[in-house]
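As structure tokens, the structure follows; a few thoughts come after it.
The values are calculated or read from the model by the stated rules, or taken from the named source; none is laboratory data. Predicted, not measured: the structure shown is a model, and the values here were computed from it. Neighbour counts run over all protein chains shown; Cβ positions are idealised from the backbone, glycine included.
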Amino acid sequence: MPIVVVASPKGGVGKSTVATQIAGYYAALGHSVLLGDADPQQSSRLWLSLRPDTAAPITPWEVDPDAVGKPPRQGKGEQYVVLDTPGGLDGQRFKEVMKLADKIVVPLQPSVFDIFATRKFLDRLAVHRRIDKMQVGLVGMRVDERTVSADRLREYLDGLEVPVLTNLRDTQNYVYLAAGGLSLFDVAPSRVEKDLEQWQPLGAWLDA
């Protein structure tokens, strides 16, 4: 039962966007998917409540934000689990989540504040006792490749041993889709062609 955790040291970086899109990606492939939300804002849970019956099914995982336990196993066959977490994950919750995670996706925006906070967060992951069994990948969020901030982000990321899975552009597509409980993988590819291209390397990493 692969468990993908979306985590960041800061709030407002797009964790819920990434978590819901990953859940939608797995569901579109026909997998059984659980989506849990340990963030007090409950954005992923709201997204799931808006999801239409005609879309590929995703099952909610009712998570206790104060004591994240193991996800339930439902039905037969392989089950994929996606967990959205609060910004600044620390303490006992950090330890519980790290025990569960097979893959950790860390979104960050191209700002100096995100860069320094993420550096410290990656250092914490590096000293965790299960780091050798976990895969960690970074995703740049709301990246405009033409800007100075994007250049600085690239310079920072080039110095890390953690792989940069992809950079996602700043687009209203995610906003419009979220309002209907949908992901990029639930609509006609022609509507979101550029975004699907950016998701290809992340999808390959998730499937590896």
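Quick notes on this structure:
- Scope region 165-205; condition in contact (Cβ under 8 Å) with a residue 24 or more places away in the chain and basic (Lys, Arg); matching residues: ARG169, LYS194
- Any hit, region 92-99, residues being surrounded by 15 or more Cβ atoms within 10 Å (Cβ to Cβ) and outside any helix (DSSP H, G or I): no
- The lone exception for GLY77 - which of (1) in a loop (DSSP other than H, G, I, E, B); (2) at pLDDT 75 or above; (3) over 14 Å from VAL4 (Cα atoms); (4) of a type outside the set (A, V, I, L, M, F, W, C) it fails: (2)
- Pairs, first within 10 Å of LEU138 (Cα to Cα) in region 105-119, second in a helix (DSSP H, G or I) and among the polar types (S, T, N, Q), C-beta under 8 Å, six or more apart: VAL106/THR118; PRO107/THR17; LEU108/THR118
- Pairs where the first residue, in region 49-60, is in contact (Cβ under 8 Å) with a residue 12 or more places away in the chain and the second is basic (Lys, Arg) and surrounded by 10 or more Cβ atoms within 10 Å (Cβ to Cβ), C-beta under 8 Å, 6+ apart: ILE58/ARG51; PRO60/ARG45
- In region 143-184, the qualifying residues are those that are in a loop (DSSP other than H, G, I, E, B) and polar (S, T, N, Q), and the one that is nearest to the chain's Cα centre (by Cα) is SER183.
- The residue that is modelled with the lowest pLDDT, among those in region 4-23 that are buried (at least 17 other Cβ atoms within 10 Å of the Cβ) and more than 11 Å from the chain's Cα centre (by Cα), is LYS10.
- Taken over region 138-161, the criterion of being within 16 Å of ASP123 (Cβ to Cβ) and modelled with pLDDT of 75 or more is satisfied by LEU138, GLU161.
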